[in-house]
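Peer 1: One structure, pasted below without further comment.
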């Protein structure tokens, strides 16, 4: 009996039924889409952080020596530390782009994320890693030579 009444009401008020149905469908669709996107984003971020061992904090200073490293280690819950020497340079290209060079101590913290090429070998004096967008903009590929 109620089923027949429902069908009769739907037939009598088609426009209202369709609009309410579409609004409910869109609401569920958007809610599920946003929920799925946030879960996917969280998984990708966690994978990136785990793969690169991203540092929780940075100390910027000139000439950080072993004594300074020991003093920082005594501050508290420090589990790992690594020095990195950063030099501003100019690339030998048409527009002389500024290039930041990072010389890493042992590449265990805030490791560079490999997109193309080989893993970073800190003992390799001839190889460098470039930012993907910079390499694409300058038309550089793995194996090309670059001068700083």
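Peer 1: Considering only 52, 78, 108, give the residue with the highest GNM mean-square fluctuation for the chain, with springs between Cα atoms whenever their separation is below 10 Å.
Peer 2: Of 52, 78, 108, the Gaussian network model singles out 78 as fluctuating most.
Peer 1: Name the shape class, rounded, prolate or oblate, that the alpha-carbon gyration tensor gives for segment 2-52, where a ≥ b ≥ c are the square roots of its eigenvalues, rounded holds for a/c under 1.5, and otherwise prolate holds if a/b is larger than b/c and oblate otherwise.
Peer 2: Since a/c reaches 1.5 and a/b is larger than b/c, the shape of segment 2-52 is classed as prolate.
Peer 1: Looking at the square roots a ≥ b ≥ c of the eigenvalues of the Cα gyration tensor of segment 109-148, which shape do they give, rounded for a/c under 1.5, prolate if a/b is larger than b/c, or oblate?
Peer 2: oblate
Peer 1: With angles folded into 0 to 90 degrees, how steeply does helix 2-12 sit against the dominant principal axis of the chain? Use alpha carbons for both and round to 10.
Peer 2: Around 80 degrees separate the two axes.
Peer 1: Right, something else. Once you have the Cα-Cα distance between residue 141 and residue 98, take 0.36 nm times their residue separation minus that, and quote the gain in nm to one decimal.
Peer 2: Full-extension gain reported as 13.6 nm.
Peer 1: Is the shape of segment 57-118 best called rounded, prolate or oblate, per the rule: a/c under 1.5 gives rounded, else a/b larger than b/c gives prolate, else oblate, with a ≥ b ≥ c the square roots of the Cα gyration tensor eigenvalues?
Peer 2: The shape class here is oblate.
Peer 1: Using label points projected 7 Å from each Cα along Cα→Cβ, tell me how many nm separate residue 105 and residue 1, to one decimal.
Peer 2: 8.3 nm
Peer 1: How far, in degrees from 0 to 90, does helix 14-52 lean away from the longest principal axis of the Cα atoms of the chain, to the nearest 10?
Peer 2: 20 degrees
Peer 1: Would you calculate the separation in nanometres between label points at residue 68 and residue 17, each defined as 7 Å from the Cα along the Cα-to-beta-carbon direction?
Peer 2: The answer from the label model is 7.6 nm.
Peer 1: Ranked highest first by average number of other Cβ atoms within 10 Å, how do 127-133, 142-148, 91-97 line up?
Peer 2: My ranking of the peptides, most packed first, is 127-133, 91-97, 142-148.
Peer 1: Quick check on the chain: helices-only [θ] at 222 nm, where DSSP H runs of length 4 and up contribute -39,500 (n - 2.57) each and the sum goes over total residues. Nearest 500, please.
Peer 2: Mean residue ellipticity, 222 nm, calculated: -14500 deg cm²/dmol.
Peer 1: Once R0 is set to 35 Å, what does the formula 1/(1 + (r/R0)^6) return for the Cβ-Cβ distance between residue 90 and residue 51, expressed as a FRET efficiency to the nearest 0.05?
Peer 2: Given R0 = 35 Å and the Cβ-Cβ separation, E is 0.65.
No value in this document is a laboratory result; all are computed from the given coordinates. This is a predicted model, so every value here is computed, not measured. With ideal geometry, Cβ positions are generated from the backbone for all residues, glycine too; neighbour counts draw on all protein chains shown.
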